[in-house]
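Take a look at the structure below.
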Amino acid sequence: MQIQAQRLRLPSTRLDGVCGIIAITRNPAAAGEQPLAGLLIDCLERLEYRGYDSAGIALLVGGMESDGADDATIWRIRAAVSTQSLQEIKKRVQSAPRPPRSDSAGIGHTRWATHGRPSEQNAHPHLDCTGNIAVVHNGIVENWRELAEELTASGHELASETDSEVIAHLIEDELRMDTGTQLHNNYMTTLEATRRALRRITGSFAIAVLDTRSNSSLVVARRLSPLVVGMGGGMCMAASDLPALLGLSGSYYVLEDGEIAEITPESIKAQDLDGQARTLHPIHVSWDIEAAQKSGYDDFMGKELHEQPTAVMDTLLGRFISDGKLALDETRITDDELREVDKVFIVGCGSSFHSGLVVKHALEHWTRIPTEIDISSEFRYRDPILSSSSLVIGVSQSGETMDTLQAIHLARRLNAKVLAVSNVVDSSITRQSDGVLYTRAGPEIGVAATKTFSTQIVTLQMLALYLAQLRGILYHDETSLIMDQLRDLPRLMQDALDRDEAVRAVAEDIAGQRDLFYIGRNTGYPVALEGALKMKEIAYLRAEAYPAGELKHGPIALIEPGTVVLAVATKGRLQKKMHTNISEVKSRGAKVIAVANDGDTGTAALADHVLYVPETVSLLAPVVDVIPLQLLAYHVARLRGCDVDRPRNLAKTVTVE
Ligand code: AGP
């Protein structure tokens, strides 16, 4: 499979995962001087750009003795000192006596916590009860709660708070069930036990399994989360992403969705999860490591922009457990306290403020609870009227924005309940709140928020649904319908992203502008604000957003022939008024670029140019409608030679007031 130089779109592979995994099996004779532990760590360091808060490795130690006695065991080292974890592991490996025959097989992991705090106990690799099976996992086991209950009831002892650990115990469970019976005249293989275990899992995974019985072979498998395999130099490797393998393997293969494989230093035996044999297709890769870390995009913002569908999918996974209840990540706010909430305040800065503005409409419509949205630096000083029945939601992707931290400190002093929505597990805001909902977008390296913005919106929408359910205002079938519409958003977002070329053409047309106006109404207004913010912060153009109905109260004085106006005009109950606003600015000579739904000839007849997006219900449309505006700012910035990842004067996290 020929990979285009600038893009690697692995077939049905998600371009992102929030953890990094590595698996290596090699001929000891081919090992050379580098111990396997060091090679595992080196490969994980190449995945550091994915962000992590803990890490671990596990090696097969010992193995078949000349007399046939099998003394193989698993040697595991884990550390949870944030981005120093790999250094800590390296130190411990160097200070530990080198275990015998530890150069044949090993696995490793860098963890970006989604279930369970960053800790050694929660760091991968995870072991089964016997200590003979070690697993590393990237993804989300959606049904992990039910599986953990089932496993515990049958005698398994889980040692961590993570969803991933259940995989090791499921494999053990399959082997236990096989004890005494023979499969094809051999005891069940690790490949077969893993295949059966994975069929019991819903959600996403890329895993590697180390089993003391299997000498130097490993089992790898994936569903939705990425996994690539490399062969050469007397070893076979598997990793979450190509950077870990580049230069170490001679040929590369991609595991397709739902495939599992047993790898040895000389072979790859692949199957689907039904047990049917599969052949892996080689891919040609012409990237260097840096290009691979950006998944082939020229910059992290480009990668993160295009990761939004998978990030939103991860955010939604496993959120509503069997009885339709929302599974909050960590909350010390009881359902009864949430039922008593009589006012909601959402506080945030920049894009996090905009995500609150978007969700205000859905929250009030679904829950009928009055909702105020505040910029954090304003909320702190306006003497807000709060009580113990107020719910203050602090939205912050970094969880470290000083203005928002101070805003929630004020809320707590005034006895309000505080809920944090953040992308960083264990960040300051999460530790200073009564409850947390994580957005699970994975690390966002570009300064401009993109996937964290869209995942904040769907996270807040799920919270709104939960509140509406608790208060009996929406029935389960109503929330189920809305959840289905939410789950369809990644598909619509991907459709909007696939129209990148049309947006790039418009960017070339307006890149020379100095002033841009953005207008929208209802949920379209915060979309206009977010589009303008992106254009300001990465292309350095004066871009101002206004409620479209506000133009006639002053801003329309600024419109003159040639002024470029971006109008968010997707379908909704106010679209006719947007058409009027478009006509108002057109009549004064403006050039109007409208964001509109496919087939909307009415808007097309009024605007000079249309950036089409697929249609969805208006309350959920913002994460789709914002995409052409994100792409527009991205392309204009690049055409203007701006550094989109590190824009001037800005920091990714504003930890000062
Ligand atoms: C958005 O693109 C900017 N990076 C900025 O406005 C950001 O949203 C704001 O600083 C809030 O950051 P937070 O979400 O980490 O609190």
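Looking at the range 30-45 only, could you name the residues that are open to solvent by 10 Å² or more (accessible area, probe 1.4 Å) and under 10 Å from T110 (Cβ atoms)? Of everything in the range 30-45, just one residue is open to solvent by 10 Å² or more (accessible area, probe 1.4 Å) and under 10 Å from T110 (Cβ atoms), namely E45. Here D335, D272, D298 are screened, and the one residue that is open to solvent by 10 Å² or more (accessible area, probe 1.4 Å), acidic (D, E) and touching a Lys or Arg at 6+ places or on another chain (Cβ under 6 Å) is D272.
So, in the range 360-408, exactly how many residues are within 29 Å of the chain's Cα centre (by Cα) and either closer than 22 Å to M462 by Cα or within 11 Å of the ligand (Cβ to nearest atom) (or both)?
Of the residues in the range 360-408, the ones within 29 Å of the chain's Cα centre (by Cα) are 360-367, 371-377, 391-408.
From what is left, the residues that are either closer than 22 Å to M462 by Cα or within 11 Å of the ligand (Cβ to nearest atom) (or both) are 360-367, 371-377, 391-405, 407-408.
Going through the range 360-408 one residue at a time, the tally reaches 32.
Being more than 27 Å from V285 (Cβ to Cβ) and either in contact with a Cys (Cβ under 8 Å, 6 or more places away or on another chain) or touching a residue at least 12 places away in the same chain (Cβ under 8 Å) (or both) is true for just one of R200, R223, R176. Which residue is that?
Values: R223 fails: more than 27 Å from V285 (Cβ to Cβ); R176 fails: either in contact with a Cys (Cβ under 8 Å, 6 or more places away or on another chain) or touching a residue at least 12 places away in the same chain (Cβ under 8 Å) (or both).
It is R200.
Scanning the range 320-359 for residues that are at pLDDT 95 or above and polar (S, T, N, Q), we see that the one that is farthest from the ligand (Cβ to nearest atom) is S355. Within the range 629-657, residues that are within 18 Å of V424 (Cβ to Cβ) have Cβ atoms under 8 Å from residues that are within 11 Å of the ligand (Cβ to nearest atom) and polar (S, T, N, Q) in these pairs: K652/S398; T653/S398; T653/T401; V654/T401; T655/T401, counting only partners at least 6 apart in sequence or on another chain. Would you please name the residue that is least open to solvent (accessible area, probe 1.4 Å), looking only at residues in the range 109-137 that are small (G, A, S) and at pLDDT below 95? Among residues in the range 109-137 that are small (G, A, S) and at pLDDT below 95, the one least open to solvent (accessible area, probe 1.4 Å) is A113. Identify, by number, the condition in (1) open to solvent by 20 Å² or more (accessible area, probe 1.4 Å); (2) of a type outside the set (D, E, K, R); (3) within 20 Å of V626 (Cβ to Cβ) that V527 doesn't meet. All conditions pass for V527, except number (1).
Return the total of residues in the range 104-132 being aromatic (F, W, Y) and over 16 Å from G442 (Cβ atoms). First the steps, then the outcome.
Of all residues in the range 104-132, those aromatic (F, W, Y) come to 112.
Then drop every residue that is not over 16 Å from G442 (Cβ atoms), which leaves none.
Residues in the range 104-132 being aromatic (F, W, Y) and over 16 Å from G442 (Cβ atoms): 0 in total.
Residues are listed down the side, and each one gets a yes or a no for (1) farther than 25 Å from V425 by Cβ; (2) without any contact (Cβ under 8 Å) to a residue 60 or more places away in the chain; (3) not in a loop (DSSP other than H, G, I, E, B):
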{"residue": "I260", "(1), (2), (3)": "yes, no, yes"}
{"residue": "P265", "(1), (2), (3)": "yes, no, no"}
{"residue": "A270", "(1), (2), (3)": "yes, yes, yes"}
{"residue": "E290", "(1), (2), (3)": "yes, yes, yes"}
{"residue": "Y297", "(1), (2), (3)": "yes, no, no"}
{"residue": "G302", "(1), (2), (3)": "yes, no, yes"}
{"residue": "T310", "(1), (2), (3)": "no, no, yes"}
{"residue": "M313", "(1), (2), (3)": "no, no, yes"}
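Applying a threshold of 8 Å to beta carbon distances and a minimum spacing of six or more residues, or different chains, the list of pairs starting in the range 531-560 at a residue that is within 15 Å of C642 (Cβ to Cβ) and ending at one that is open to solvent by 40 Å² or more (accessible area, probe 1.4 Å) and in a strand (DSSP E or B) reads K536/R542; L541/D515; R542/D515; A543/D515.
Exactly one condition in (1) in contact with a Gly (Cβ under 8 Å, 6 or more places away or on another chain); (2) over 30 Å from F320 (Cα atoms) is false for S225; which is it? Single failed check for S225: (2).
Return yes when G435 is more than 14 Å from the ligand (Cβ to nearest atom) and open to solvent by less than 10 Å² (accessible area, probe 1.4 Å) and no when it is not.
Yes: the conditions hold for G435.
Listed by position, the helices (runs of 4 or more DSSP H) inside the range 358-453 whose residues that are touching a strand residue (DSSP E or B) at 6+ places or on another chain (Cβ under 8 Å) and among the small types (G, A, S) number at least 2 are 402-413. Of all residue pairs spaced 6 or more apart or on separate chains, those with beta-carbon atoms under 8 Å, a first member in the range 383-411 that is closer than 30 Å to G442 by Cβ and without any contact (Cβ under 8 Å) to a residue 40 or more places away in the chain and a second member that is open to solvent by 10 Å² or more (accessible area, probe 1.4 Å) and within 16 Å of the ligand (Cβ to nearest atom) are G399/V424; G399/S428; L405/S428; L405/Q432; H409/Q432.
When only residues in the range 361-380 that are in contact with a Leu (Cβ under 9 Å, 6 or more places away or on another chain) and without any contact (Cβ under 8 Å) to a residue 40 or more places away in the chain count, which is nearest to I445 (Cα to Cα)? Full working, then the answer.
First, the residues of the range 361-380 that are in contact with a Leu (Cβ under 9 Å, 6 or more places away or on another chain): 361-363, 365-367, 369, 371, 373, 376, 379-380.
From the residues that got through so far, the ones that are without any contact (Cβ under 8 Å) to a residue 40 or more places away in the chain too are 371, 373, 376, 379-380.
Details: T371: 31, I373: 27, S376: 23, F379: 28, R380: 28 Å.
Among residues in the range 361-380 that are in contact with a Leu (Cβ under 9 Å, 6 or more places away or on another chain) and without any contact (Cβ under 8 Å) to a residue 40 or more places away in the chain, the one nearest to I445 (Cα to Cα) is S376.
Looking across the range 412-446, the residues that are in contact with a Phe, Trp or Tyr (Cβ under 7 Å, 6 or more places away or on another chain) and not polar (S, T, N, Q) come down to V425, G442, P443, I445, G446. Across the range 621-657, the qualifying residues are those that are at pLDDT below 90 and among the hydrophobic types (A, V, I, L, M, F, W, C), and the one among them that is nearest to the ligand (Cβ to nearest atom) is V654.
Does A543 meet the test of being open to solvent by less than 10 Å² (accessible area, probe 1.4 Å) and under 30 Å from R487 (Cβ atoms)?
Answer is no for this residue.
For S618, are the conditions met, namely being within 26 Å of the chain's Cα centre (by Cα) and either at pLDDT below 95 or open to solvent by 50 Å² or more (accessible area, probe 1.4 Å) (or both)?
Working: within 26 Å of the chain's Cα centre (by Cα): yes; either at pLDDT below 95 or open to solvent by 50 Å² or more (accessible area, probe 1.4 Å) (or both): yes.
So S618 fits the description; yes.
The values are calculated or read from the model by the stated rules, or taken from the named source; none is laboratory data. None of the values given here were measured: they were computed from a predicted structure. All Cβ positions, even for glycine, are placed from backbone atoms using ideal geometry, and neighbour counts span all protein chains on display. Ligands, DNA and RNA are excluded from the accessible area calculation, which covers all protein heavy atoms including side chains. Shrake-Rupley method; radii C 1.70, N 1.55, O 1.52, S 1.80 Å.
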